[in-house]
1. Restricting attention to region 59-89, which residues are modelled with pLDDT of 85 or more and farther than 9 Å from VAL20 by Cα?
2. Go through region 54-74 and count every residue that is exposed (fewer than 15 other Cβ atoms within 10 Å of the Cβ) and within 14 Å of GLY30 (Cβ to Cβ).
3. List pairs: first residue in region 24-41 and at pLDDT 95 or above and surrounded by 13 or more Cβ atoms within 10 Å (Cβ to Cβ), second residue among the basic types (Lys, Arg) and in a loop (DSSP other than H, G, I, E, B) anywhere in the structure, Cβ distance under 6 angstrom, at least six positions apart or on different chains.
Amino acid sequence: MGVRAGTPGGLEAMGLSPLVVWVDEGRCSGCHECLKVCRYSALNWVPGEQAVWPDPWQCNGCGSCQTVCPNDALRLENRSGVTAWSDAT
């Protein structure tokens, strides 16, 4: 029987934080400061979008990227509340 992300202890058992970074594309200026501090390689620069995109499977929810963002384009969200990735996974 596998561990489900929605079950108590499931995220931790899978090695995932209950928090994940969310990017407000409209506020992202492309300064790359967040890319410099992310030690989990969870952010990717997408030139065509002119914004960073988080990888929810790499993000550890540490908040380092949010701290350095000069435009408040990044914030931590409850992983279970981020629905944009549910269709992609």
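1. Within region 59-89, SER64, CYS65, GLN66, THR67, VAL68, CYS69, PRO70, ASN71, ASP72, ALA73, LEU74 qualify.
2. 2
3. none
The values are calculated or read from the model by the stated rules, or taken from the named source; none is laboratory data. Just so you know, these numbers come straight off a predicted model, no measurement behind them. Note that we place each Cβ from the backbone using ideal geometry, even for glycine, and neighbour counts take in every protein chain shown.
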